[in-house]
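K.L.:
Just dropping this structure here.
Where a number appears in this text, it was derived from the coordinates with a stated rule and is not lab data. For clarity, every value in this text was computed on a predicted model and none was experimentally measured. Cβ placement follows ideal geometry from the backbone for every residue including glycine, while neighbour counts extend to all protein chains displayed.
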Amino acid sequence: MTTSEVSAPIADRIRAALPRRAFRVLALGVAHLVPAAVAALLLAVVRGRDAARSCAYRRLTALLVRLGPTFIKAGQVLGTRRDVLPPALCDELSSLQDSAAPMDLVQTRRALVEAYGTAHPPDFARIDHRPVAAGSVACVYRGELRTGEVVALKLRRPDVARTMTEDLALVRRGAGIVARLPVFRGLPVVEVVGSMSDAVLGQLDFVRESENLRRLRENLSVVPRVWVPKVHVEQSRPRCIVMEFVPDLDAQAAQRCSPAARRRFAASGLAAIYQMIFVDGFVHCDMHPGNLYFTASSQVVVLDAGFSVRLSERLRRLFAEFFMNMSTGNGDKCAEIVVRSAAGTGPEADLDGFLRRMSDLVRRSHGLPARDFSLIAFAGEMFDLQRRFGVHAAPELIFPLLSLLVIEGTIRDLDPGMDFQEAAKPILMRGLFGAK
């Protein structure tokens, strides 16, 4: 679902609600950002511009939290656009986490009625009404089918679709105004906000997420020790995903394992990401620690596929070719691929300058020992070059790259000596030359 796919009555209701919501957003914005601007000016004088920017970015992130779940999720997605936004702002936005309170009993029963028509769906022997996890879009409950199988119910919050649709319509209108300002001229503001809005709204589409989980489960079945929960299609509904319950999920499980087990976790997690990007072209783009777990039985568990991207065959192959040439140090070819895959160029783009600097970046990175190579540092410098030389990256490639950047810290923590470039080669060979 996108904001352009709502019915006429809903669209009319959204338009009627926008002025009231716009006033609240504006009031909160003024209350948070005016003091932030004053503080930033003082810091600029006392401690310099970098400290002033950090203060402003922290206040902006705090404002997004205050504005609610739509803006939190929007900030999370925008924080991935290091090709457009300053790296320090992206670092601050990446710290955003859902901090929603779990649904109470009344809300839970209402959500069940909206999903199943009754608070006591007949397919279930019981449902524990205390959530085991809570997010801004949904809460997760433990249940048991009539067959005795224990399942997890991801139940969408009442009214969350209306709230997010209204908020994102307001954000899109704001982007149209901002794009006309001279300081943003030449930047793909409307396009970036549009892709962000679609990514946020996509997390409301539980039918699509169910299909995403089934597809990931099938695709990743070839990767050893990777577990994607099975979806129970017959018991699922457009507002509720019923899936296999994974017991004893613990974010600290890997820390208690042996070094050998931690290295296996790292290898399996990285292989899963590479399989998605280079072979399948279907990528889970939100592999943060809340969606990636490690079990005592040495399995990697992948959850929550609402933020997933399908690459076209052309872009999948370009992505694989880029990493293959990066792993061999062919900077000229990598630079050419970035330009070929770009969404467009700015009015004052310097392609020759970009090609030279991008080629140099790849050659320098290829010469680094495995422990010294950082995907985040490499991507940060590449995005900086794109901004400076006017080359706009395609959102379809930014989001899969994000999945690598998000998981890098986890992989490095598990196996500091992991060679990301070398580990990619066998999977790149399958993606480029193997049977599809």
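K.L.:
Going toward the positive end of the dipole of the chain, with +1 on Lys and Arg Cβ and -1 on Asp and Glu Cβ, which of LEU292, VAL189, GLN107 do you reach last?
P.N.:
Of the options given, the answer is GLN107.
K.L.:
Within the chain, what percent of beta bridges assigned by DSSP are antiparallel, to the nearest 5?
P.N.:
95
K.L.:
Say each of ARG109 and GLU211 gets a label point 7 Å from the Cα, pointing the same way as Cα to Cβ; how far apart are those two points in nm?
P.N.:
According to this spin-label approximation, the distance is 3.5 nm.
K.L.:
Follow-up. So between ARG388 and SER312, what do we pick up on full extension, going 0.36 nm a residue minus the alpha carbon distance?
P.N.:
Full extension of this stretch gives 24.6 nm more.
K.L.:
Here's another thing I want to ask about it. Which one, VAL160, VAL391, LEU145, projects farthest toward the positive side of the charge dipole computed for the chain from Cβ point charges (K/R +1, D/E -1)?
P.N.:
Going by the Cα projections, it comes out as VAL160.
K.L.:
In the stretch 131-198, which GluC sites (Glu not before Pro) fall in coil by DSSP and have 16 or fewer other Cβ atoms within 10 Å?
P.N.:
Answer by residue number: GLU149.
K.L.:
OK, next. Ranked by Cβ crowding within 10 angstrom, fewest neighbours first, how are VAL301, VAL233 ordered?
P.N.:
VAL233, VAL301
K.L.:
About the Cα centre, and with charges only on the beta carbon of Lys, Arg (+1) and Asp, Glu (-1), how big is the dipole of the stretch 249-436? Nearest 20 debye, please.
P.N.:
420
K.L.:
Put a dot 7 Å past each Cα toward the Cβ at ASP372 and VAL150; how far apart are the dots in nm?
P.N.:
Using points 7 Å along Cα→Cβ, the separation is 4.9 nm.
K.L.:
Rounded to two decimals, what is the ratio between the C-alpha radius of gyration of the stretch 106-175 and 2.2 N^0.38 Å?
P.N.:
1.35
K.L.:
Calculated from the structure, mean projected area of the Cα convex hull in nm² equals which of (1) 20.6; (2) 24.4; (3) 23.0?
P.N.:
Given (1) 20.6; (2) 24.4; (3) 23.0, the structure-derived one carries the label (3).
K.L.:
Would you count, across the chain, every pair of lysines whose alpha carbons are under 18 angstrom apart, provided the pair is eight or more residues apart or spans two chains?
P.N.:
For the chain, the number of qualifying lysine pairs is 4.
K.L.:
Another question about this same structure. Within 10 Å of each residue's Cβ, count the other Cβ atoms and sort LEU405, LEU26 from fewest upward.
P.N.:
So the ranking, lowest neighbour count to highest, is LEU26, LEU405.
K.L.:
What is the extension gain from SER258 to ALA101, computed as 0.36 nm multiplied by their sequence separation minus the C-alpha to C-alpha distance, in nm to one decimal?
P.N.:
Residue separation times 0.36 nm, minus the Cα-Cα distance, leaves 53.0 nm.
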